[in-house]
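Asks: Okay, handing you the structure first.
All of the numbers you see were taken from the coordinates with simple rules; none came from a lab. Quick caveat: nothing in here was measured; it's all calculated off a predicted structure. Backbone-built Cβ (ideal geometry, glycine too); neighbour counts: all protein chains shown.
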Amino acid sequence: MSRLQPARGTRDILPDEFPRFAHVVDTARDVARLYGYQEMSTPIFEFTDLFARGIGETTDVVSKEMYSFLSRGDEEEDRQSLTLRPEYTAGICRAFISNGELRQQLPLKLFAHGPMFRYERPQAGRYRQFHQIDIEVLGAPEPECDVEVISVAADILDRLGILPHCVLKLNSLGDPASRAAYREVLVGYYRGHQSKLSKESLDRLERNPLRILDSKDEGDKAVNANAPSFAEHLNEASRSFFDAVRAGLDASGIAYEVDPALVRGLDYYTHTAFEFVTSLLGAQGTVIGGGRYDGLIELLGGPPTAGIGWAGGIDRLVTLVQKLEKEPPALERPVAIVPMGTAAEQRALALARDLRRADVPVELAYRGNMKRRLQRANKLNASHALIIGDSELAKGVVALKDLDAGTQEEVPFDEVVDALGDHALDELMSLVGADDDEDDDTR
């Protein structure tokens with residue numbers, strides 16, 4: 001039998017890597033909480049039509065990359081097409097339409113994270129099952145909301161130590177009137193240069209002409225160099241909105257670059273589009289990307305509702321954190337209980353439960369003599385060992401061994417939690433004292 005492997009484009013997140021993964025999620029959650037965002041989740045699969053409409057039937061995601069399948073049913077009409085979610089926004093908008101209580105909470109500020117699925121060629125930093133953090137705000141049409149959403153992203157990147165290595169790219173897609181006017185001018189321009197466009201861009205010219213602006217084809221880039229600018233076709237309302245977003249970012253101290261080539265192809269996208277990009281990941285430079293989608297919920301059958309959000313790839317953020325040698329916070333060190341003998345093992349079970357109830361992480365090995373159990377405690381970077389043998393049971397104490405200092409003392413069973421707390425405080429004070437001494441030397 002051949003060796004079992006993960007399916008192509010998927011991977012295991014092993015225990016030695018998972019702290020970085022959890023650090024990214026926890027950091028994003030903590031920052032979102034400071035801004036008043038509530039956490040939620042949506043199903044991993046939805047009806048295919050939701051994504052076809054929500055992402056756009058002409059996009060590569062819908063036409064080439066979705067994992068879709070027929071649901072089971074006794075009758076043919078019961079077998080409906082379902083799709084593993086390729087992104088979060090459409091599902092969150094569906095949840096808003098499906099759940100009346102959410103529509104009573106406007107503006108609704110949401111944080112989510114989880115796995116996504118897209119069928120694409122696996123390469124460095126890209127997987128068919130990947131993970132995202134996601135921010136969405138529904139029911140807030142003001143430009144101040146755009147500033148806040150971008151600020152959340154900037155603060156998350158800052159806490160991760162990534163922000164100094166990123167550039168915020170910003171553009172305005174205008175309101176629907178501006179977009180329609182620009183589209184007409186742009187199509188006219190491209191029709192005069194059809195012979196120079198790539199096959200893919202010729203196809204987009206009929207279905208999604210704005211997407212030609214971000215083409216990676218060298219011939220398309222040459223044509224785009226002289227394409228009419230979106231900024232020149234913004235009406236006064238759109239200019240004022242974009243000016244307010246830029247003024248808010250300036251006031252917040254968030255640097256940005258206006259990038260006219262940053263576009264979103266579908267008509268429900270409006271006003272602000274943005275991306276945080278880095279040069280540290282090669283071609284996969286976008287770290288967080290998002291924008292305003294005021295027309296999406298109405299397109300899906302809900303009431304007209306403003307929307308804006310962004311998504312960030314957790315896998316990519318983990319790679320950046322690792323590349324920059326930013327270590328996640330150290331895990332709290334456990335306490336190892338080392339029982340010797342059947343009676344001691346029974347007493348150790350009760351002690352372990354008491355300690356865990358007091359939020360003390362405990363390692364209780366299942367087998368081995370004292371030497372092997374202490375070796376495992378050292379391997380797990382335990383701070384202390386609680387040794388229980390027949391003599392300790394007879395006296396009603398444990399032998400509390402400090403694995404760093406090598407010292408040992410006897411502590412009554414009912415005082416173990418307090419004793420461990422005192423040791424932790426002593427360690428903290430010694431660190432503070434060392435810092436004080438260092439400060440004294442530099443004066």
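Asks: What ³J(HN,Hα) values, in whole Hz, does the Karplus curve 6.51 cos²θ - 1.76 cosθ + 1.60 give for segment 214-224 when θ = phi - 60°, with x put for Gly and Pro?
Replies: 9, 5, 9, 5, 5, x, 5, 4, 5, 5, 5
Asks: Would you work out which of A225, Y366, Y190 lies farthest towards the positive end of the dipole of the chain, given +1 charges on the beta-carbon of Lys and Arg and -1 on that of Asp and Glu, about the Cα centre?
Replies: Y190
Asks: Specify which residue in the list V397, V416, A348 is farthest towards the positive end of the charge dipole of segment 335-432, using unit charges on the beta carbon of Lys, Arg (+1) and Asp, Glu (-1), about the Cα centre.
Replies: A348
Asks: Residues with amide H under 5 Å of H384's amide H, sequence separation 5 or more or different chain, H placed in the peptide plane at 1.01 Å from N; which?
Replies: A336, L403
Asks: Per DSSP helix of 4 or more residues, -39500 (n - 2.57); summed, then divided by the residues of the chain. What does that give at 222 nm, rounded to the nearest 500?
Replies: Details: 14 runs with 174 residues, N = 443.
Helices in the chain give a 222 nm mean residue ellipticity of -12500 deg cm²/dmol.
Asks: A further question follows. Quick one: if you stick a label point 7 Å off each Cα along the C-beta vector at S98 and N381, how many nm between them?
Replies: Distance between the two pseudo-spin positions: 4.1 nm.
Asks: Nearest 0.05, what FRET efficiency do L34 and R356 give at R0 = 30 Å with Cβ-Cβ as r?
Replies: Details: r = 29 Å, r/R0 = 0.98.
Once rounded, the FRET efficiency stands at 0.55.
Asks: Give me the one-decimal nm value for the distance between modelled label points at L106 and S41, 7 Å along each residue's Cα-to-Cβ direction.
Replies: Each label point lies 7 Å from its Cα, and together they span 2.9 nm.
Asks: Sticking with this structure for a sec: Over 20 Å between Cα atoms: which of K216/K323; K169/K216; K199/K221; K169/K196; K326/K379 fall into that group? Present the calculation step by step, with values, prior to reporting the outcome.
Replies: Details: K216/K323 26 Å; K169/K216 17 Å; K199/K221 14 Å; K169/K196 28 Å; K326/K379 23 Å.
From K216/K323; K169/K216; K199/K221; K169/K196; K326/K379, over 20 Å: K216/K323; K169/K196; K326/K379.
Asks: I've got another one for you. With the chain treated as a Gaussian network of Cα nodes joined by springs under 10 Å, which of I13, I212, I162 yields the largest mean-square fluctuation?
Replies: Of the options given, I13 has the highest mean-square fluctuation.
Asks: Mind checking the dipole of the chain: about its Cα centre, +1 per Lys or Arg Cβ, -1 per Asp or Glu Cβ, Debye to the nearest 20?
Replies: Working: 51 positive and 73 negative charges, 425 e Å.
Dipole size: approximately 2040 debye.
Asks: When all alpha-carbon pairs of segment 335-432 are counted, what percent fall beyond 18 Å?
Replies: Working: 1963 of 4753 pairs.
Counting pairs separated by more than 18 Å, the tail of P(r) holds 41 percent.
Asks: Oh, and also: Highest GNM mean-square fluctuation, the chain, Cα pairs closer than 10 Å: which of T407, T319, T270?
Replies: T407
Asks: If you don't mind, another one. Do you know the relative contact order of segment 335-432, to the nearest whole percent, from alpha carbon pairs under 8 angstrom that are 6+ apart?
Replies: Details: 128 pairs, mean separation 26.3, N = 98.
With pairs under 8 Å counted, the relative contact order is 27 percent.
Asks: Got the relative contact order for the chain handy, in percent, Cα pairs under 8 Å and 6 or more residues apart? Present the calculation step by step, with values, prior to reporting the outcome.
Replies: On the way: 691 pairs, mean separation 62.5, N = 443.
Relative CO of the chain lands at 14 percent.
Asks: Which residue fluctuates the most in the chain, going by a Gaussian network model with Cα springs under 10 Å, if the choices are S151, S238, S195?
Replies: In the Gaussian network model the winner is S195.
Asks: Now a separate question. If I stretch the segment between D390 and D404 completely, what's the gain in nm (0.36 nm per residue apart, minus their alpha carbon distance), one decimal? Kindly include the intermediate steps, with their values, before the conclusion.
Replies: Values: separation 14, 0.36 × 14 = 5.04 nm, distance 2.52 nm.
So the chain would gain 2.5 nm between D390 and D404.
Asks: Could you give me the radius of gyration and the Dmax of the chain, taking only the C-alpha atoms into account and expressing both in angstrom?
Replies: 28.3, 95
Asks: Just grab the label-to-label distance for E120 and F69, each label 7 Å out from Cα along the Cβ direction, in nm (one decimal).
Replies: Going from the E120 label point to the F69 one covers 2.2 nm.
Asks: What is the list of residues in segment 135-149 whose amide nitrogen lies under 19 Å from a point 7 angstrom out from the Cα of R239, following Cα to Cβ?
Replies: Counting backbone N atoms under 19 Å from the label point, the list is 143.
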